[in-house]
Amino acid sequence: MSSAPLLINNVAVLSRSDALKNRILPSLLAAALGLALIYGAGFAETSQLHNATHDGRHSASFPCH
Amino acid sequence: MSNLKMIIVSALWAGLWAGLLLTAVQQLQVIPTLLQAEVYEQHAAINHSHADGQTHANEAESWQPQNGWERTFFTALANISLAVGFALLLGAASTLRGGIGGWRNGLLWGLAGYGIFFVAPSLGLPPEIPGTEAANLNARQLWWLMTVFDTAVGLWLLFFAKTKLNKLFGIVLLISPHTIGAPQPDLHSSVAPVELTNTFIAATAFANAVFWLALGGLMGLFSSKNPAVKT
């Protein structure tokens, strides 16, 4: 079975791309989405947004004013 | 991409319930203190209206929710948005470690979140009631961001790094924002009495602890129930 080493090699490559697909990529996308939400609710300086989220920001101990 | 879907669905549910719980706890002890502080602030603003009347006129022009149900509704909305955002970050971090695996483990992730997003920044910039003198907003936001980032990476290295040197580096990261120090105002002052500030700090410390433990626990519960593959 001369193809055995090749097969093992493929498995290694596959598991690395699996880690990228199953862990790293989803984590990055979820984190980006999370940061966008936290920025909007916690930091955006638009005055309407600030007034609407005012109490939540104070309670979460975000620098507010 | 089934893991992404799993993180998002868990974060939406965990954020919704933890955000609602936070809103309820806030209404009991955080908001009453906040409203009390606002009375002092408004009183001080009336006394100073001759000096900077223009600023207050501008503030009055932009929309703000009416006190009562409207204000509570928007606070709940803000809490839930923040909660979903935090839950997404928690889900992202735990996925890198191969998932949470149950609500008990989730409590530990929640405890880490409480340390990163509340305790560490509050050591330099304690929770403030309205009407407190503080340093420049951008400087404080930058310090807050740096502290949160350093604490997150520091805790990660301390718990997950394999070498002692990297763990040590984690400890250095945990300490460094506090040795640099948070931006402080030239003069510390508040229009409300000190007791009110202290009550507010205790109230937010409790409310955020409840919130983070609930958020972590729920993330653990929801993500472990999901049949998505864990690698």
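Since every read-out is calculated from the coordinates, none of them should be taken as a lab result. No experiment lies behind these values; they were computed from the predicted model shown. Reconstructed Cβ throughout: ideal geometry from the backbone, glycine too, with neighbour counts over all protein chains shown.
Summary of values
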quantity: Test item: A:38-48 mean partner chain Cβ contacts at 10 Å; calculated: 5
quantity: Euclidean distance of C-alpha centroids, segment B:143-179 and segment B:71-108, integer Å; calculated: 21
quantity: Selection from B:LEU77, B:GLY101, B:GLY124, by position along the positive dipole direction of chain B (Cβ); calculated: B:GLY101
quantity: Global size of the protein assembly as shown as Cα Rg and Dmax, reported in angstrom; calculated: 21.8, 92
quantity: Charge dipole (chain B, unit charges on Cβ, about Cα centre) - positive-most of B:ALA45, B:ASN136, B:PHE160; calculated: B:PHE160
quantity: Projected label distance in nm at B:ASN136 and A:THR46, using a 7 Å step from Cα toward the beta-carbon; calculated: 2.6
quantity: Selection from B:VAL148, B:LEU196, B:ALA14, by position along the positive dipole direction of chain B (Cβ); calculated: B:ALA14
quantity: Dipole magnitude (debye, nearest 20) for chain B, charges at Cβ of Lys, Arg, Asp, Glu; calculated: 1680
quantity: Point-charge dipole on Cβ atoms (K/R +1, D/E -1) for the protein assembly as shown, about Cα centre, debye to 20; calculated: 1980
quantity: Chain B: most fluctuating residue of B:THR163, B:THR199, B:THR151 per GNM, C-alpha cutoff 10 Å; calculated: B:THR163
quantity: Reduced Cα scattering model of segment B:71-150, Debye log10 I(q)/I(0), q = 0.17, 0.21 Å⁻¹; calculated: -0.86, -1.12
quantity: Within 10 Å of each Cβ in B:3-9, the average number of Cβ atoms from other chains; calculated: 5
quantity: Built amide H within the under 5 Å cut-off of B:SER190, gap 5+; calculated: B:GLU133
quantity: Angle between chain B longest axis and helix B:2-25 axis [Cα atoms, degrees, rounded to 10]; calculated: 40
quantity: Segment B:ALA44-B:HIS188, length gained on full extension (0.36 nm per residue, minus Cα span); calculated: 50.2 nm
quantity: Taking N as its residue count, the alpha carbon Rg of chain B over 2.2 N^0.38 Å; calculated: 1.15
quantity: Relative contact order for chain B, counting Cα pairs under 8 Å that sit 6 or more residues apart, in percent; calculated: 39
